[in-house]
1. Placing a label point 7 Å from Cα toward Cβ, how far apart in nm is D:Lys64 from its equivalents in the other copies, listed shortest first to one decimal?
2. Scan segment B:185-275 for GluC sites (Glu not before Pro) in coil per DSSP, keeping those whose Cβ has at most 14 other Cβ atoms within 10 Å, and list them by number.
3. For segment A:194-271 and segment D:368-398, what is the separation of their C-alpha centers, rounded to whole Å?
4. Can you sort B:Glu155, D:Glu40 so the residue with the fewest Cβ neighbours within 10 Å comes first?
5. Given D:Lys185/D:Lys341; A:Lys7/B:Lys264; D:Lys24/D:Lys247, which pairs have Cα atoms separated by over 19 Å?
6. List the distances, in nm and shortest first, from the label point of D:Asp32 to the matching label points in every other copy, placing each point 7 Å from Cα along the Cα-to-Cβ direction.
7. Among the chymotrypsin sites (Phe, Trp or Tyr not before Pro) in segment B:25-102, which ones are in a DSSP loop with at most 10 other Cβ atoms within 10 Å of the Cβ? Mind listing them?
8. Taking every DSSP beta bridge with both residues inside segment B:21-161, roughly what % is antiparallel (nearest 5)?
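Laboratory data are not the source of any read-out in this text; all were calculated from the coordinates shown. Quick caveat: nothing in here was measured; it's all calculated off a predicted structure. Note: ideal-geometry Cβ built from the backbone for every residue, glycine included; neighbour counts use all protein chains shown.
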Amino acid sequence: MSFLKPKTHIEQGDVVILYLSVNSMHAIEAVPTIVNKKGETIANIFQTSYGSLKVESIIGVEYGSRVELSKGWAYVLQPNPELWTQTLPHRTQIIYTPDISMILHQLEVRPGAVVIESGTGSGSLSHYFLRALKPTGHLHTFDFHEARADQAREEFKRHGLAEFVTVYHRDVCNLGFTSELDGVADAIFLDLPSPDLAVPHAFKALKLSGGRFCSFSPCIEQSQRCIQELTKLGFNEICSMEVLQQENVVKTRTVPVIDLEFLKSPKTSETPTINEDNKANKESKKYLTSSNPQILPGHTGFLTFATLPPNIAK
Amino acid sequence: MSFLKPKTHIEQGDVVILYLSVNSMHAIEAVPTIVNKKGETIANIFQTSYGSLKVESIIGVEYGSRVELSKGWAYVLQPNPELWTQTLPHRTQIIYTPDISMILHQLEVRPGAVVIESGTGSGSLSHYFLRALKPTGHLHTFDFHEARADQAREEFKRHGLAEFVTVYHRDVCNLGFTSELDGVADAIFLDLPSPDLAVPHAFKALKLSGGRFCSFSPCIEQSQRCIQELTKLGFNEICSMEVLQQENVVKTRTVPVIDLEFLKSPKTSETPTINEDNKANKESKKYLTSSNPQILPGHTGFLTFATLPPNIAK
Amino acid sequence: MTALTTPNIQLGDYIVIQRQKYTKLQKFGSLDTTATLGKETLELKSLLDHPYGSTFKMCVKETKAGKRGAQRQHTLELCSETELGSTRENLGISSSGADNRDICDNGEAQALKSSDIEQLREACNESSKIIEKLVENSKTFHNRTEYSQEKYLLKKEKKYFEFVQIRQPTIRLMADIFYRQDADKVMGIRVDTLSQIISYSGVCGFGNYLLYESGTNGLLPAAMINAIGADTEGTLVHMHPGNVAQKQALLALKLPFEQQQRCISVNLYSVLREFYQNGTAAVDAVEASPKEEVNEPETDQPDTSTDEQSETTEPSTKKPKLDGETQSNPRTPPRWQLENKRAASLMHAKFDSLVMSAKEHPSSILQALIPLIRPSRPIVIFSTCKELLLETYMELKSTAKVTNLHLTSNWLRMYQILPNRTHPEVNMSGNSGYLLTGYTLQ
Amino acid sequence: MTALTTPNIQLGDYIVIQRQKYTKLQKFGSLDTTATLGKETLELKSLLDHPYGSTFKMCVKETKAGKRGAQRQHTLELCSETELGSTRENLGISSSGADNRDICDNGEAQALKSSDIEQLREACNESSKIIEKLVENSKTFHNRTEYSQEKYLLKKEKKYFEFVQIRQPTIRLMADIFYRQDADKVMGIRVDTLSQIISYSGVCGFGNYLLYESGTNGLLPAAMINAIGADTEGTLVHMHPGNVAQKQALLALKLPFEQQQRCISVNLYSVLREFYQNGTAAVDAVEASPKEEVNEPETDQPDTSTDEQSETTEPSTKKPKLDGETQSNPRTPPRWQLENKRAASLMHAKFDSLVMSAKEHPSSILQALIPLIRPSRPIVIFSTCKELLLETYMELKSTAKVTNLHLTSNWLRMYQILPNRTHPEVNMSGNSGYLLTGYTLQ
């Protein structure tokens, strides 16, 4: 229930982010016992690279606290869509915070917005939509994969978000977003292999007063076809972009500074010995600097945005 | 004649780079007189934003010297392909040093190489090819625009490069590179609206022992069609890339550093007056930093490279 | 959001005027208000009561000789959907040359003289007509490649396009306008970075949020209160170093009163003094000479902020707002004092995240504000100067008060996606600025 | 370049072994030489005298149990063109599902057990056969989307592909190999940056060039002497801080002797002493204890260089080269002294450009070397640490000895261009390093 609003202490049933290091964190459920494969109820012990955690011990602890592991320690953080995106069980390729942030901004999602999303996938983006539109808006999210839709529905319930979201198992390319949703949406997001097939349905589902559209596609051809369809139906402000985030790794670099002046004077018995030379010409300077990691994300997808203007006859 | 090799002093007839500032330079010809519109021979006076230069005065001057203008001064630099690219008379869209450098590297151009280029355009890339392949190689450069081919031919002569280059006025997409060039090229470069049409001709012109191919295209569809054709003809190592250079503008930034600690103590008659407060809490720190210009080149073109393997039957 | 009908344009509204891709934020203050788009001056009175999203035709009323060519004054006329449509389609241009080989750019390609064009412009008021004439009289147009034709038409269309659309300001539209007009006005916060500030800060309909910014024309507080939403329980304390907060973007959003009330704008120095000293000196502070307190922020603020303040387009609401209140109600505390008190009580209760965009070195401000943030909460610090964030990163790292530190920046590339002419746009923005993010610890 | 026939593989050559996209530089030192590609060991003897560019088939000779699965030893057999060809075509796969909706990744998709696959691998030696079997036995393959099928095939092909091509080392191939294997080996000089160093330095068949580098496995001097070319009049003085120059890439190019001779590799300290003191102390220097002079570079060199030296793959030519010469010809000056003399005379005549890639702070080295460059000549300084170049920029700016200063870096994005699957590659290299360029003044 830890996704609804900021809270201070861990309650039983909360999803908690166990933060070990910048590259290692886990989402765990704060329940004292679990049922093992044999059907026995046993203490919930979570294993990490720094040893085990008796999960019961964190219930009632303040978020942001340090908790002891058998071979070290970790921090317990309240989950949010950013941390969840980094720890969630991947059921599909997911979209990450830089693209998601642009999607929310361009779709102008704010409390009260009605948003349609397809597909639900691993629910990473759904959590962002829900944070942005609750408590007065609603998310309708569609997936053609039944198990994924079921899992997502379960997850939203456990996360305390059920009342703001409806999960559908449905092939929207062929069947559309159901007639109940005609003219209800402020914004529509598509992450589909053939977004162009769903554009006419998006057109119908957007409000008569207009709305915003986004499609995320890994390949340029998908965007090309999608844009053709958008243009045909009278969408405007069509634009496509890529957002790529770079990490800047902060470090202190020690750089040797050498002196070459001493070479100008000939070596005589009066001049310093080589060892003294070295001392003189071997210094170093420290620099606070940063560089990108050797490998960066070079492409996530093309984001295509468009506006359906108000009062277009459907 | 100043393009052939490094030289120390300006001779009559040299092209000279008149360097005023990082954003202002001119390529001028070191000739004492010119013929005006009336057919009269007059002194060659060159006008700049810092006043005029009597061109005769620079003949015999050492390259790298400072020369006086009527309202300031400038440096005279020996031209090279980089400086020429920044100052040449634009007859077409040109390719710049970052892309060109990659082209030369990937085409493995070195002294002795035989290179075919189409189109010649403004001759910017040609100058790079010539620097890299002279004195033992040869450049065959083609343009379908007769005036451009003539201008380029003239220019190479004036620059002292004529013996290393042959300029052709020819529509290579339809007519190919002439049968004389069958099997002579180590490398082929295409900058054409429909590179795919010239690929079969490139295939014929490359040596039987194989060679390298490059096509530069602004639009992805051109690269797509070009790659289809390359694949069909048995080229391998096909790869496409974009190179984008960023300028880092170096500057010193002064950042105010404020102190907020003084706010913790209540104001009494004993505490310093506001003016003294300000003195205490207004400091600043200097940072040597850099940033990109507000607008950067976001796209020049897609570079597609490929290898023709040895001994492919033609 | 919930209204199914689009609202109408009202006097006092900020409006976004769009002409092709150019957009401008304008206050529609009175019926006499005019807006200037390059050489065109538009009389806005006919916009009144029309729904947002409507398109109007610019009708030349008079032409004055200006310094840089003719300056035209236009009235606006609501236009029908059928009047709209791509100029290209209207002209029905199709035959394009295969390449540019036979074009000589000797300046003689256009048979019409510039005086002819000016005359044409007076005569026929439709851009498509003008462009049609230009095309007819161009000797080279039909020999150009389609790519080149397109460029030509776009250039001409841009110059002669005579429609404007009136749109309701949103964060999205304003972020574009401010950054395009002068990125410094929003401290260099680009759209991708702005969107990530909202994500990383977690600002939403629940919780109390703290923002320090030294001048973004109100864009950052507007974006945050927009994310907090109407009819929710979230609150924003917005600290600034100046005498009066920059609020243009906030005002332009035309938020419901209850939502506006949940954005508490206070001066950094003055509210910190209130906070540190309110146990003992609460009454004193209120009784203290208002003049001195009011002036304090002004003298405290760093050099740059003074310039910043003068950039706001709301001069009428500036000084009078403070002076007026203190003068007319000498016995009730001035509004800024009440806001300080509201902010201080939220500061004692602590916040659910911290966003900072400082012209000053972030370090000392961060030291003062981090104790006001609950544990397990995000902090997001923006700067265009990486060196400042490198130092701040190291400081935070050494105090171990904040974990999961990341220093990030972004590339944003726009694409032209058109049949056979798809490529990234040839220009891109060079600076996204830098974000330092992390989570507070207990 | 001029030979119409491709040269043959000789003993002593460095060769590039390519297996699909993986490439490796290997010295073909003797007929017993083997090369290791992951779990595969290749006997190279059958390469001898075959032309470069030939493709060979890996034929399993024996399989040993290794720590991480079976280690296989292969002989190589020259293979015909017809044996080659895309595995995809061989298999004739075409029916692909429209999307992945019905695929459950429960690990049971492949009916063949890993022991079956291992057995299959022993039995049929052709990767296409193995992959065909895998596809036949995959329950999900034909339900996957084409995109997903492609990924699956590529993954499998990579594992079972049994051909290698032998290529002649070039700067292009080596720059790729070194950077991919360990960018630090070439000081982080990426291909785009390397190509620009060559452009900006203007290095070509005419002129004398000066390079200082503190360890790029010979890539920078090799790239420069390659650009200088065979049978030309250009010369390169290559200064380095170590005891012996790293020369792997230079040796791999197998340049004609006259060209090799025009790359003069000298120790920075030792050649500067020679240069500064040669008027008076020239004879002294030659007479001086060789031992001391030889050791000087080693003790002078900064900490990091020692590690660098040990990374070269040419241990056999290292110490002996110096010691051997000094010992066997006690009366003729050692080769390094002759090289110092040749370099010093070029230094007195001055150079036509300067390239630097220093692990050390470039500033003091630059001060020593800039006087050796003629006016109106390019200087190009590479570093992965921007801060160093910012300082150097400011120093150069203040001395006014160099103009047209630019500090640049690059993005390099590779594209996947395939029908309906075109996009930039999902990973890209994050660091191009920085180039500081300018022109010397009189």
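1. Output for D:Lys64: 9.3 nm, nearest copy listed first.
2. Values: sites: B:Glu221, B:Glu229, B:Glu237, B:Glu242, B:Glu247, B:Glu261, B:Glu270; in loops: B:Glu270.
Here the GluC sites (Glu not before Pro) that fit, given the DSSP loop and packing criteria, are B:Glu270.
3. Result: 32 Å between the Cα centres.
4. Details: B:Glu155 22, D:Glu40 17.
Ascending Cβ contact count within 10 Å gives the list D:Glu40, B:Glu155.
5. Result: D:Lys185/D:Lys341; A:Lys7/B:Lys264 exceed 19 Å.
6. Nearest to farthest, the other copies are at 10.2 nm.
7. On the way: sites: B:Phe46, B:Tyr50, B:Tyr63, B:Trp73, B:Tyr75, B:Trp84, B:Tyr96; in loops: B:Tyr50, B:Tyr63, B:Tyr96.
When the chymotrypsin sites (Phe, Trp or Tyr not before Pro) of segment B:25-102 are filtered for loop state and at most 10 Cβ neighbours within 10 Å, nothing remains.
8. Restricted to segment B:21-161, the bridges split so that about 70 percent are antiparallel.
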